[in-house]
Structures are given as structure tokens and as C-alpha cells.
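What follows is a single structure, written as C-alpha cells, with notes after it.
The values are calculated or read from the model by the stated rules, or taken from the named source; none is laboratory data. Note that this is a predicted model, so its numbers are computed, not measured. Here the Cβ is made from the backbone with ideal geometry for all residues, glycine too, and neighbour counts use every protein chain on show. In case anyone asks, the SASA skips ligands and DNA or RNA and just uses the protein heavy atoms, side chains included. Shrake-Rupley method; radii C 1.70, N 1.55, O 1.52, S 1.80 Å.
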Amino acid sequence: MDEYSRFVDWDKMDVSAQSQDTKELTCTDFHELKQLARQGYWAKNHSLRAKVYHKLISNIPCRTVTPDANVYRDIVVKIIGKRSSSSLPLPEFVDNSLIPTYCLNAEGIGAVRKIILCISNQFPDISFCPALPSVIALLLHYSKDEAECFEQVCRILACNDPSKRLIDQTFLAFESSCMTFGDLVNKYCQAAHKLMVAVSEDVLEVYSDWQRWLFGELPMAYIARVFDVFLVEGYKVLYRVALALLKFFHKVRAGQPMESDSIQQDIRAFVRDIAKSVSPERLLEKAFAIRLFSRKEIQLLQMANEKALQQKGITVKQKRQNVHLAVHAENFKSEIVSVKEMRDIWSWIPERFALCQPLLLFTTLEHGCSLSRFYSHSEGHEPTLLLIKTTAKEVCGAYLSTDWSERRRGGNKLSFFGTGECFVFRLQPEVERYEWVIIKHPELASTGSETENHTQPASSTLSSSSIPSDPSDRLSPFLAARHFNLPSKTASMFMAGSSECIIVGGGDGQALYLDADLNHGRTSHCNTFNNQPLCSESFQISILEVWGFRDTMNG
């Protein structure tokens, strides 16, 4: 059909969706390009899409020495020789990934293997890149020959813009992206996350599949539309689309029995057959309707997960530990929650702590009800988990991301600290989690000057003037400020402690107050986003426990 048809099997392509209108794309403004990509402006003209891809990829900032088409022509015969392309062994870094045929002809399918091997020769620093076969197979559709496709892929791999993340090329980057995706699912797809926890023995294992959904299972017409936007907007587009896929899977399959013995296999099958339930336009519409943070904030979360993996020594591919096995039934004993309940709580915490084991730091049954003793046993541990059982048999608690020693920064004043990863929850009589109110409802943030010390209740502090009104101006609320030397305005002001009381709260207006003798408490439920209170407005504590996180990798 055109000069970019050499590797395309047009009998497999949906020709009816193709337009013969030879439109050109002349705009260079980023915001206009973004809108055109999302609207599928070049999706229905094969030649136009090829030219747009070439233009976008040629503008990627790359290393000074990046292999080009001439390099491919020089090395391909030397590397491949006279061997049949179908018999060529793939390098280990593609991790036995599927090589999607999409709508390639026999020559195109063979060309994918040849290009992978030549890239392996030119990029010895790539150690793990399972998305590569899919990217090559897709770009072959829009290349005049193998050498041109090779050059385009090399430019994507050689991108040296520190603010632009494109394709994971190490196991550390890949694994941290899986953890980041898990964190995002936990916050933005809670219904789907509950399903994953209920039916899967290893939630991390399920989320580690997220790139395969896109680069492997998603049909050609869908991944091409995703790639259109990805080349303009970058890596966060992939997170958005994967979240949308999980949302649609949950909507379509909720309440239905599993079709296989594995939720992973069920999701893969759903994505392969997504055309039965969702159009490419609807998928992208759903993806961009999800309220997410800025690229910078996602990068900070990715950095935190990479740092956690490095500290555990996980930098190369190895057998993954089972997440739920972090809470061992034989070693876990709590007077407040069961093993199953603790595993449910473990599924809510950030992925970088999911492989840690719970470690009991303080319990009123053993250490008494002294607040100073509570502090002495809890300080030096970050994060911690607070569990409370009332005399009315209500069970509630909080995940606290910051060391209690931070309370001293306010001197004798009651000052708030913490991060947006904190949350409060209820287990009895019903299970409910309450996140930081500004995360779920950023419109509540108001403008004004920042205040360093706060004496108001936590729930009012969360919607106070300490948080900028423009979400794009905020650094990540996921992360502890000390990790990146962030200004104090990034703190969520979730926790406060003095010699007289403890205050924890802010999730959807829920706040928890404990008195100095740890015998009594009360709750505040200021906002109306959730009608169920954390527990009784005024309660008497039966048992209180504080749990830390013991790193199972480093002992």
C-alpha cells in the first residue's frame, strides 16, 4: 500500500479502519501534539503514522554515539550469518518474552529476532528488557527496512534525558516499576486490588505482569494507539493504560468465577480479547480519566522503590518471594488481629515494605500504658503499624510512615508530621481504609502561607493552607521528606505526638486521639465523603499494639 508496507501482512490488518487521506502533521507544540495523539489523529493513516513516529523518535535526546542504520548494515551479516532467523536464540535479557507477531508477515517476524540480536551486540549494558520484542515488532510496521527500525529502537534505548523514562533496561528498573504499579493500583483501583488480594497468593506476582499486558497481550490496534501517546507523553502513559485495563477487567469479571486456576492467566486472556468489551478509544478515555500525580511525583516513587530494592540487594533477576508469606502464621501472634487480618493490612502497605515481616515493638499487655514507654519502643522504626482494640471489641489502626522521633522537631509544641502514604483503617465491625483526604480530594486544598507548627486537630490540618492549591506544584505525597530533602510543605501533617497525647488521622476526615495514659481515646469524623466512623466517638482501649517492619532479605 505504501513504502512502509514491507513487513505488514495486510490480510490481518483492519484495512477498513485505514484512511487514504495523505495528511501531514506540521504542529510542534507539545500540548497540541498530546491532544492529537490522544484523539488518534494519525492512527488511521499508515504512512502518516510512520512519518510521525520517525519525527518523534528523531527528536529524542540520545547519547553522543548511538548506533544507526549504517551500523546495522555493517554488523547484521557478521552476527546472523547464514542461519535461519527462526532458529536464532534470543538474549537472556528479553526473559523468554512473547514475540508478538501483531500483523507482521513472515519476513517481519524473522526480522524481529535479527534486530534483537544486533541490539544485544550494541547495548551490552542492557540486562533486562522484556518489552523490547514488542517495541521492535510494532515499529517494523512503520519502517522501510530492518536498518531503519533498528535505528529507531536504538534511539529509544539510548535516550539520555534524565527527566524522560522510556523503556526499562535493567531488572532493578523493571522490578521497581512493578512495585510502583502495585502502589498505584493500591490507591487508584482499590476494588480491583481487593479482588487481587482475595484470589491471589502473591499480589506482587500479579502486578509484575503489567508490562506484559501492554507489550505482549494487547492487540495491535490497541498497543499502537497507546504507543502514539507514549512517544509524546512518556512512561506514565503506560501506568495509566495498565490501570485502566485492570479497572475494566474488574468491571467485566467481578462476581464471575475464574476461568483458569490463575488470576494472571485470566487477566492475560481478558487483555488479549479486549476488543470484545472495550474499544481503543474507550480504553484511552478511561486511562486519562484517572486522577494521577505528575511525572515528577511518579519518578520520586520509582526512586524510593529502587532504593528499597538496592538495600535488599535485589538488582538482578531472582525467584520472587511470596508477599503473603511475609506474615508467617507460625511466627505471628497478636492479641488484636488474626493472621488473615494482618495479611489484609499487609496488602495495603507500600510495595517496598511488602516483603518485610511484622515485628512487635510495643504492647500494653506487656509494656503497660505509659506514653513515654510507647515512644521509647517505637522510635527508631519507620514505618510502623498501630493497632487498637476497644472494650467494645472494635478494631482500628493506622499505617504510619514516619519515625515518632520527628515529633521533637516542634519542641514542646504539638507539631504535625508524616507523609501521604499514611492511612487509618477499621477492621471490626467492618473493614474500611481511609486515605489521606488531599490524595483522594485535592480540590479541598486551599491556598495560603505555610505554617510550620500546627495545634489544630489533624483532620482540619489536612485541608489547611499548608498545601499548595495546584496539584502539579506538589512534590510526591507518597514519600518521606527526608529521602529527598524535600521542603516541609510536602508533609501531610498526619501524625502528632507530645507528652500529653497522640493524634493520628486525616483520611477522609477520620482522626484518632489517644490520651497520655493510653487508656482512652476519641475519634473525629469531620468530612462527609465516608459516612462510617473509624470507631466510637469516645472509647476505652482494651489493647494497643505497635508493629515494626523487619527486613527479611537482610535479616
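Annotations for the structure displayed:
- Point-charge dipole on Cβ atoms (K/R +1, D/E -1) for the stretch 102-209, about Cα centre, debye to 20: 240 debye
- Amide proton proximity set for Phe416, modelled H, under 5 Å, gap of 5+: His454
- Taking the protein heavy atoms of the stretch 195-238 in the context of the full set of protein chains, the accessible area attributed to carbon and sulfur is 50 percent at 1.4 Å.
- Over the stretch 76-127, the fraction of Cα-Cα pairs per 5 Å bin, rounded to whole percents and listed from the shortest bin up, is 4, 19, 31, 24, 17, 5, 0.
- 5 angstrom amide H check on Thr402, placed H, neighbours 5+ away: Thr384, Thr419
- Percent of Cα pairs in the stretch 142-284 per distance bin of 5 Å, from zero to the largest separation: 2, 9, 18, 22, 20, 14, 8, 5, 3, 1.
- Karplus 3J(HN,Hα) series, Hz, for the stretch 181-190 with 6.51 cos²θ - 1.76 cosθ + 1.60 (x for Gly, Pro): 4, x, 4, 5, 4, 4, 9, 10, 10, 5
- Over all other residues within a Cβ to Cβ distance under 15 Å of Glu281, the charged ones net out to +3, with Lys and Arg as +1 and Asp and Glu as -1.
- Based on alpha carbons, the Rg and Dmax found for the stretch 186-228 are 12.8, 36 Å.
- P(r) tail fraction, the stretch 361-405 - alpha-carbon pairs more than 16 Å apart, %: 42 percent
- Here, the stretch 66-192 yields an orientationally averaged convex hull projection of 9.2 nm² when only Cα atoms define the hull.
- Comparing the stretch 1-145 with the 2.2 N^0.38 Å rule of thumb, its C-alpha radius of gyration ratio is 1.14 (two decimals).
- Pairs exceeding 24 Å between alpha-carbon atoms, taken from Lys144/Lys286; Lys389/Lys413; Lys34/Lys144; Lys114/Lys164; Lys333/Lys393: Lys144/Lys286; Lys389/Lys413; Lys34/Lys144; Lys114/Lys164.
- Leading residue at positive end of dipole, the stretch 191-270 (Cβ point charges), from Phe215, Val237, Ala269: Val237
- Accessible-area rank, largest first, for Lys78, Lys340, Lys114, Lys55: Lys78, Lys340, Lys55, Lys114, with all protein chains present and a 1.4 angstrom probe.
- A simple rule links phi to the HN-Hα coupling: the Karplus curve 6.51 cos²θ - 1.76 cosθ + 1.60 with θ = phi - 60°, which for the stretch 195-208 gives 5, 4, 5, 6, 10, 10, 6, 9, 5, 4, 5, 5, 6, 5 Hz, with x for Gly and Pro.
- For the stretch 265-310 versus the stretch 345-363, the inter-centroid distance based on Cα atoms is 25 Å.
- Global form of the stretch 217-309, assessed from the alpha-carbon gyration tensor, a/c cut-off 1.5: oblate
- 3J(HN,Hα) couplings calculated from phi for the stretch 212-218 with the Karplus curve 6.51 cos²θ - 1.76 cosθ + 1.60 (θ = phi - 60°) are, in sequence order, 5, 4, 7, 9, x, 9, 5 Hz; Gly and Pro show x.
- A convex hull fitted around the alpha carbon atoms of the stretch 131-220 yields 119 Å³ per residue.
- For the stretch 90-162, pairs of C-alpha atoms spaced more than 21 angstrom apart make up 18 percent of the total.
- Estimated D of the stretch 139-185 in µm² per second, where Rh is the Kirkwood radius over Cα pairs and Stokes-Einstein applies at 10 °C, 1.306 mPa s: 126 µm²/s
- The dipole here belongs to the stretch 183-265: it is taken about the Cα centre, uses +1 on the Cβ of Lys and Arg and -1 on the Cβ of Asp and Glu, and is about 440 debye.
- Two numbers describe the Cα atoms of the stretch 168-242: Rg and Dmax, which are 12.9, 37 Å.
- His520, His141, His31, ranked by accessible area, largest first (probe 1.4 Å): His31, His520, His141
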